[in-house]
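The values are calculated or read from the model by the stated rules, or taken from the named source; none is laboratory data. In this text the structure is predicted, and so the values were computed from the model without any measurement. Note that we place each Cβ from the backbone using ideal geometry, even for glycine, and neighbour counts take in every protein chain shown. When the accessible area is computed, the model is the full protein with side chains, heavy atoms only, and any ligands, DNA or RNA have been set aside. Shrake-Rupley method; radii C 1.70, N 1.55, O 1.52, S 1.80 Å.
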Amino acid sequence: MKTLILSFLKIFFRNPRTIFFVIFLPAGIFLTAVLLDLEGVIRFTGGFSYKDFLQSGIIALALMQTGIYTVAYTLIDYRRTRILKRLAVTPLSAGRLLAAQIISRFLIACLQVSALLILGKVFFGTTVKGLLYLPIFIFLGSTIFLDFGFLIASVARDYEEAAPYTALIGLPLIILGDVFFPIKNLPPGLVTIADFLPLKPLASTIRHFLLGGRSPDLARDILVLLVWFVVLTLVSQYIFAKKVYK
């Protein structure tokens, strides 16, 4: 397992395109959104600065992008080049393969989040009050979206087929994710839907721990994340083993 995790990390750091999408793109989105001064445009009235709100949302968005987009295309590439076929005839099980992917991507996600926190603190003076529980929710969030990526890689045969799936999942999550603007400004029906999708609870939970505020919905957000984590992990590993890793 350790060797496999290190191999996945080496593959990641040898791929400039992946590093761009995982590290530099989220940082660029954060910088652009801050410099555009969207606070006045969206009439932000939170109990903290818009930069603080945005930083937590971008962290959640970065975890989503890493899971849904990068791992899906990576596994499709492994499938296309028959790497998965060769691994399937070894004693390595599908569960251990995906677990190694999850652990390696979690380590990358920690680096990703650290870069965004440093960027926000150094250049914009964003608030960082609590980091103790943050790794737990980085792991939960990254695993949930990795599971989406595993499912996409299980049903899509190539990049062209995967693109609509990633857009179909990613775009609604971004719009309802509490990332760039508070979703409380949306119609009540959409707010209710967002509360039970994974991105909004993740952004809200990260925001709660980073900013040190009190959220009346914290328990519900954590429960929603745990349900998504358990269900998606079981379903994605089962489908991946049955459809791809054989």
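For the set Ser204, Ser114, solvent exposure ranked by accessible area (probe 1.4 Å, protein chains only) runs largest to smallest as Ser114, Ser204.
Normalising the average separation of contacting C-alpha pairs (under 8 angstrom, six or more residues apart) by the number of residues puts the relative contact order of the chain at 30 percent. The heavy atoms of Leu117 offer some 20 square angstrom of accessible surface to a 1.4 angstrom probe.
Straight-line reach from Lys184: taking Cα to Cα under 27 Å and skipping same-chain neighbours fewer than 8 places apart, the lysines in range are Lys51, Lys121, Lys129, Lys200. Considering only Ile136, Leu35, Leu9, the residue lying farthest towards the positive end of the dipole of the chain is Leu9, judged by Cα position with unit charges set on Cβ. Largest accessible area first, the listed residues Met1, Met64 line up as Met1, Met64 when surface is computed with a 1.4 Å probe on the assembled protein chains. Under 20 Å from a label point 7 Å along Cα→Cβ of Val155: give me every residue in the stretch 60-74 with its amide N that close. Label zone hits: 64-74.
Kindly point out which whole DSSP H helices in the chain project their C-alpha atoms 30 angstrom or further along the helix axis while averaging a Kyte-Doolittle hydropathy of 0.0 or above. TM-like helix candidates: 94-124, 134-155, 218-243.
Only alpha carbons enter this Debye calculation for the stretch 94-194, each as an equal point scatterer, and the log10 of I(q)/I(0) it gives at q = 0.16, 0.24 Å⁻¹ is -0.97, -1.24. Estimated at 0.36 nm per residue, the fully extended path between Ser215 and Leu234 surpasses their Cα-Cα distance by 3.9 nm.
So how much slack lies between Leu132 and Ile11, counting 0.36 nm per residue of separation and subtracting their Cα-Cα distance, in nm? All intermediate terms of the calculation are to be shown ahead of the outcome.
Numbers: separation 121, 0.36 × 121 = 43.56 nm, distance 2.96 nm.
Extra length from Leu132 to Ile11 when fully extended: 40.6 nm.
If r is the Cβ-Cβ distance from Leu168 to Lys85 and R0 is 22 Å, what FRET efficiency results, to the nearest 0.05? Taking R0 as 22 Å, the efficiency between Leu168 and Lys85 is 0.20. The length gained by stretching the chain between Cys110 and Lys242 to full extension, at 0.36 nm per residue less their Cα-Cα distance, is 44.4 nm. Peptides 53-60, 73-80 ranked from most to least packed by the mean count of surrounding Cβ atoms within 10 Å: 53-60, 73-80.
Relative to one another, the C-alpha centroids of the stretch 209-246 and the stretch 61-100 are positioned 19 Å apart. Rounded, prolate or oblate: which one fits the stretch 26-115, using the alpha carbon gyration tensor with axes a ≥ b ≥ c (rounded when a/c is under 1.5, else prolate when a/b beats b/c, else oblate)? Prolate is the answer for the stretch 26-115, as a/c is 1.5 or above and a/b outweighs b/c. Bridging of Lys85 to lysines at a Cα separation below 28 Å is possible for Lys2, Lys10, Lys242, Lys243, Lys246, once same-chain residues fewer than 8 apart are set aside.
How big is the chain by the Kirkwood estimate over distinct Cα pairs, in Å? Numbers along the way, then the final one.
Working: mean 1/r = 0.0541 Å⁻¹.
Roughly 18.5 Å, rounded to one decimal.
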